[in-house]
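Down below is the structure, laid out as structure tokens.
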Number of protein chains: 2
Amino acid sequence: MPHRLYQTQVSADWVDYNGHLRDAYYLLIFSQAVDSLMDQIGLDAAARAASNHSLFTLEVHLNYLHEVKQGEAVEVRLQILGHDHKRLHLYLSLYRKGQEEAAAVSEQMLLHVDMNGPKSAPFSETTAARIEGLVIAQGALPKPEYAGRVMALPG
Amino acid sequence: MPHRLYQTQVSADWVDYNGHLRDAYYLLIFSQAVDSLMDQIGLDAAARAASNHSLFTLEVHLNYLHEVKQGEAVEVRLQILGHDHKRLHLYLSLYRKGQEEAAAVSEQMLLHVDMNGPKSAPFSETTAARIEGLVIAQGALPKPEYAGRVMALPG
């Protein structure tokens, strides 16, 4: 099953005049969830500083499904769609507490980078093993609904 | 040619510990550029309040191409990829002052919504005409490089 990665609460700084979470701040919550994933795979701030390696975001796709209000408790769940020796392909879903439907989803491609350069670089053995552990733990999951989308007006 | 939609400067609040613009804040700049577009097509804050209609973001795709530093002056340029009676399909590019290559691009699908509902609703005649004016002004443009992407690990 998807990994319950991150919990937070919608800050007053993140909402529009209607008290609804603004589009960019959905991505901030997903980005904070990726920070949490980095902590879990041996790429926390101290390790990044020591190794001078980090994860760069290459590409992000977002689908907005429901509004989220100021103060709501939210959770980000993670499905790893794929990975190679230096890339992570993720699917993140944002849930409001007590709601079964995701309020938003985000497909993301991340690249491991040697900041001396910067240039792309393979994951360390530890990080690669941690990623593999997460993939094993999630088990077999179907392709999520909003993965692999091309954007287009309805025909 | 693409419409020069919006200028701003990278705030200290938007950067990471390295002084680089964080992924979610690229989207905040694109989102502020869309606010500017709304002003230009008769959907400014006063008109939204009076009509109780607004634009909702349905879907966003982002490609990160170059880092952007704290304090840099940036400009967002707009190409309208398509539209129908209630949807806008946009391609936004973020340029750093003095640089010819985009630092990031974002393809977006926006929906005009009657907030009494909320439910989707056709653009007003004024807004539809303003959109048509922008399309005429931009002229014939090729499909941009990062439009219509499917995300995938390299094969």
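Here are the numbers:
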| item | result |
| --- | --- |
| Condition met for B:GLY133 (facing chain A (nearest Cβ under 9 Å), more than 30 Å from B:GLY19 (Cα to Cα), free of Cβ contacts under 8 Å to residues at least 40 places away in the same chain and under 18 Å from the mean Cα position of the chain (by Cα)) | no |
| Residue match in the range A:11-31 (condition: in contact (Cβ under 8 Å) with a residue 40 or more places away in the chain, more than 14 Å from chain B (Cβ to nearest Cβ) and surrounded by 15 or more Cβ atoms within 10 Å (Cβ to Cβ)) | no |
| Subset of the range B:35-47 (residues that are more than 20 Å from A:VAL68 (Cα to Cα), more than 8 Å from every other protein chain (Cβ to nearest Cβ) and part of a helix (DSSP H, G or I)) | B:SER36, B:LEU37, B:MET38, B:ASP39, B:GLN40, B:ALA46, B:ALA47 |
| Close pairs (8 angstrom Cβ cut-off, 6 or more residues apart or separate chains): more than 13 Å from every other protein chain (Cβ to nearest Cβ) and at positive phi in the range A:59-76, assigned to a strand (DSSP E or B) and at pLDDT 95 or above anywhere | A:GLY71/A:GLN9 |
| Flag for A:ALA147 being part of a loop (DSSP other than H, G, I, E, B) and at the interface with chain B (Cβ under 10 Å from one of its Cβ atoms) | yes |
| Among the residues listed as B:GLN79, B:GLN108, the single one being within 16 Å of B:VAL34 (Cα to Cα), outside any loop (DSSP other than H, G, I, E, B) and either away from chain A (no Cβ under 12 Å) or acidic (Asp, Glu) (or both) | B:GLN79 |
| Any hit, the range A:113-128, residues being among the β-branched types (Val, Ile, Thr), within 12 Å of chain B (Cβ to nearest Cβ), within 23 Å of B:LEU58 (Cβ to Cβ) and not in a helix (DSSP H, G or I) | no |
| From the options A:GLY82, A:GLY148, residue that is within 14 Å of B:ALA152 (Cα to Cα), free of Cβ contacts under 8 Å to residues at least 24 places away in the same chain and not hydrophobic (A, V, I, L, M, F, W, C) | A:GLY82 |
| So A:GLN7, is it outside any loop (DSSP other than H, G, I, E, B), surrounded by 17 or more Cβ atoms within 10 Å (Cβ to Cβ) and either more than 10 Å from chain B (Cβ to nearest Cβ) or aromatic (Phe, Trp, Tyr) (or both) | no |
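Residues checked against (1) within 24 Å of A:HIS89 (Cβ to Cβ); (2) charged (D, E, K, R); (3) exposed (fewer than 14 other Cβ atoms within 10 Å of the Cβ):
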{"site": "B:GLN70", "(1), (2), (3)": "no, no, no"}
{"site": "B:ARG87", "(1), (2), (3)": "no, yes, no"}
{"site": "B:ALA102", "(1), (2), (3)": "yes, no, no"}
{"site": "B:SER106", "(1), (2), (3)": "yes, no, no"}
{"site": "B:ALA129", "(1), (2), (3)": "no, no, yes"}
{"site": "B:GLY139", "(1), (2), (3)": "no, no, yes"}
{"site": "B:LYS143", "(1), (2), (3)": "no, yes, yes"}
{"site": "B:ALA147", "(1), (2), (3)": "yes, no, no"}
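The values are calculated or read from the model by the stated rules, or taken from the named source; none is laboratory data. Model, not experiment: these values are computed from the prediction. Note that we place each Cβ from the backbone using ideal geometry, even for glycine, and neighbour counts take in every protein chain shown.
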